[in-house]
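Right, one structure below, let's go through it.
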Amino acid sequence: MQALWMILASLAFSTMGVCIKLGSASFSTGEVVFYRSVVAFLLLQGFVLASGKSLRTPHFRAHLLRSAVGFSAMALYFATIARIPLATAVTLVYTSPLFMGLFLLFWYRESVCRASSFYVLLGFVGVVALLQPTLAREQWLGGAMGLASGFATSIAFLNIRRLGGLGEPEWRTVYFFSAFTTLAGLIWVLGEGGFSRPDAHGAWLMLGVGC
């Protein structure tokens, strides 16, 4: 059952990426971030109200840090999708486990076997090999943003790990993240002059992004 959920999650994540890629011609990155977040926030708000869950937490600063880093990772990822081929963008974001391995080794001082260290190094060599023939010169900014997204995603994962260690339930972590990114996305869009008026095709794409 767990494997099935992982497959469905990968399918949903891939569908979201396709919708972002198709919608990037009509919507700004800020709009995509907002639509991606607001649907999850509304669903979680309904869950909180229906179940009577409490949002009180002694670890609000940790939630704020996780949300800010996660917002940065999301914004960089969506901007990367708009600038370079989708498959390459997704591959670059999937460098987050490589960065996480470096953090665990050098920052958290966790013991890592030599084989794991070798595979992390080999992974970065593979990234360089992927970028060199794939991206044109004018697309290197998008590639750098994709790597930055992978870096920020690894930090976000470590923050989620920390929140779990503090005893925070998963739903509360996702709720604060969705609330933060919805508000940040709204401010971003309003700062750029407001929302675009989507046609039926664009509305379906943004619904696909949000769901």
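The values are calculated or read from the model by the stated rules, or taken from the named source; none is laboratory data. The structure presented is a predicted model; accordingly, all values stated were derived computationally and were not measured. Backbone-built Cβ (ideal geometry, glycine too); neighbour counts: all protein chains shown. The protein model used for the area step is the full one, side chains on, heavy atoms only, and it has no ligands, DNA or RNA in it. Shrake-Rupley method; radii C 1.70, N 1.55, O 1.52, S 1.80 Å.
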Ignoring ligands and nucleic acids, what accessible area does ARG161 show with a 1.4 Å probe (Å², nearest 10)? 130 Å²
Listed residues PHE176, PHE195, PHE27; largest mean-square fluctuation, Gaussian network over the chain with Cα springs below 10 Å, found at PHE195
Quick one, could you list the DSSP H helices from the chain stretching 27 Å or more along their long axis (Cα atoms) with average Kyte-Doolittle hydropathy of 0.5 or above? 2-23, 29-51, 60-83, 114-134, 140-165, 170-191
Quick check: convex hull of the Cα atoms in the chain, volume per residue, rounded to a whole Å³? 155 Å³
Subtracting the Cα-Cα distance of LEU122 and LEU65 from 0.36 nm times their residue separation yields 17.5 nm
Within the set THR57, THR153, THR29, GNM on the chain using Cα springs under 10 Å gives the largest fluctuation to THR57
Given the -39500 (n - 2.57) contribution per DSSP H run of 4+ residues, what per-residue ellipticity at 222 nm results for the chain, rounded to the nearest 500 deg cm²/dmol? -26500 deg cm²/dmol
Once you put a point 7 Å from the Cα of LEU207 and another 7 Å from the Cα of LEU8, both along the Cβ direction, what distance in nm separates them? 2.0 nm
